[in-house]
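Report on the following structure.
Values in this text are rule-based calculations from the coordinates and carry no lab data. What you see is a predicted model, and the numbers here were worked out from it, not measured in a lab. Methodologically, a virtual Cβ is constructed for each residue, glycine included, from the backbone with ideal geometry; neighbour enumeration extends over all protein chains shown.
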């Protein structure tokens, strides 16, 4: 592994601000206001305390340089609680397989958590890079779905799903 995932901490607000730029937020409703960024940062810091998920700073293992974020959190989906995952890798580090590697690491952590069977991802249909991450990390495409992100903003996404009970296990015949 060339990455390390560290639970989100107070010192990660600067990373969240670096992610909150038009080039990074184009598929996610655009940049957020400073107040919303601070609120998001607080939610990320306290997520593991509330038991609703975990956000991580993604960093290069050798230098500890932050390159993005990834996490998993509770989502009510079709009548049950599942984990949802999402990631943001800084532009200068994209195209190197970092998001796929971080996604595989998060899959292992979510599976080890053991509280949820399913991990879902909902990239916009036209977000080729995030859809490729889902495919590379072992998710199965369920199909297209309507989604809101941010809340109140309807978007069309691909629904990807991964069974955490079998994640990382070899396929059986």
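If you wrap the tightest convex hull around every Cα atom of region 87-173 and split its volume per residue, you get 118 Å³. Both radii come from the Cα set of region 47-136: Rg as radius of gyration, Rh as Kirkwood radius; their ratio Rg/Rh reads 0.97. When the chain is treated as a GNM with alpha-carbon contacts under 10 Å, the residue of 150, 123, 66 showing the greatest mean-square fluctuation is 150.
Work out how much length residue 48 to residue 96 would gain on full extension: take 0.36 nm times their residue separation and subtract the Cα-Cα distance, in nm to one decimal.
The span from residue 48 to residue 96 would gain 14.4 nm if fully extended.
Using a basic spin-label model with each label point 7 Å from the Cα along Cα→Cβ, how many nm lie between residue 142 and residue 18? About 3.3 nm separates the two model spin labels.
For the options 59, 108, 99, a Gaussian network treatment of the chain with springs between C-alpha atoms closer than 10 Å singles out 108 as fluctuating the most. All C-alpha to C-alpha distances of the chain, sorted into 10 Å bins beginning at zero, yield P(r) values of 10, 39, 41, 10, 1, 0 percent in whole numbers. Under the simplified labelling scheme, the residue 126-residue 81 pair shows an inter-label distance of 3.6 nm, with each label point 7 Å from Cα along Cα→Cβ.
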